[in-house]
């Protein structure tokens, strides 16, 4: 009897089981802590759409005042993008911490 043939499905099942646990964990993260940052990102992106529209309008009639105003809008747009990056970075760190904690609990149990 080929031992590898018997072990392969067991290893595959273990991997599948780990994937299912990970998926269940990610689905259970529908918490306020994860929803609020995503809503903040949506609001920031909505602001950026408005800023982009205003910038384009100012470019169509280039006066010193409009170009100066566009420069300020672009700086705000850039600041908003930096906020989005920071939000996603923090969310990634939070998710990683949750996954690490779950794995630690599993190791202690098993």
- Between residue 36 and residue 102, what FRET efficiency comes out of the Förster formula 1/(1 + (r/R0)^6) with R0 = 35 Å and r the beta carbon distance, rounded to 0.05? 0.95
- Given all pairs of distinct Cα atoms, the stretch 31-109 yields a Kirkwood Rh in Å of 15.0 Å
- Query: Using a Förster distance of 41 Å, how high is the FRET efficiency between residue 88 and residue 66, based on the Cβ-Cβ distance and rounded to 0.05?
  - Reply: 0.80
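A short reminder: the numbers here are calculations on the coordinates, not readings from a lab. None of these values were measured; they are calculated from a predicted model. Every residue, glycine as well, gets a Cβ built from its backbone with ideal geometry; the counts of neighbours run over all protein chains shown.
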